[in-house]
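Presented below is the structure to which this report refers.
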Amino acid sequence: MQGFAGFMWLLSMALIVFSGFALFDAAVRREDAYRAADKKTKPFWLIVLGIAFVVNLLFPILSFLPIIGLIATIVYMVDVRPAIRALPGGGRSSRGSSSDGPYGPWNGGR
């Protein structure tokens, strides 16, 4: 029985790390990237993933709520994150290079 309990603890920790990574990733993406990818809004995903993270911390893995949180995290990681990363700049908060113009990077006439 201890082997099963140890496995469930490892699975629970993996789920907490997975949902925490998704929450962090959603937090560092730009707000306008969510609208440009047509994937709800940044506050929506922060709330959903935040609730999933807290549920994974509070409830055991075999209950119903962590499974719903896992589904929400998988939807973000499989659908929303790739759509945002496909945008120019990868949806990150950075402003780009200092040589970027309004129509893309300036290459010096090459």
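The values are calculated or read from the model by the stated rules, or taken from the named source; none is laboratory data. This structure is a prediction, so every number in the text was calculated from the model and none was measured. Backbone-built Cβ (ideal geometry, glycine too); neighbour counts: all protein chains shown. Surface areas here come from the heavy atoms of the whole protein model, side chains and all, with no ligands, DNA or RNA. Shrake-Rupley method; radii C 1.70, N 1.55, O 1.52, S 1.80 Å.
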Inset, instruction - Could you check how many residues of region 50-60 are in a helix (DSSP H, G or I) and either aliphatic (A, V, I, L, M) or surrounded by fewer than 14 Cβ atoms within 10 Å (Cβ to Cβ) (or both)? - result: 6
Legend entry - region 84-101, residues that are touching a helix residue (DSSP H, G or I) at 6+ places or on another chain (Cβ under 8 Å), at pLDDT below 70 and charged (D, E, K, R): 92
Inset, instruction - Determine whether region 62-83 contains at least one residue that is open to solvent by 40 Å² or more (accessible area, probe 1.4 Å), in a helix (DSSP H, G or I), modelled with pLDDT under 90 and aromatic (Phe, Trp, Tyr). - result: yes
Legend entry - Residues of region 28-51 that turn out to be at pLDDT below 95 and in contact with a Leu (Cβ under 8 Å, 6 or more places away or on another chain), as a count: 3
Legend entry - Any chance residue 60 is within 19 Å of the chain's Cα centre (by Cα) and farther than 21 Å from residue 82 by Cα: no
Inset, instruction - Report, by residue number, each residue of region 21-49 that is surrounded by 17 or more Cβ atoms within 10 Å (Cβ to Cβ) and part of a helix (DSSP H, G or I). - result: 22, 23, 25, 26, 33, 34, 42, 45, 48, 49
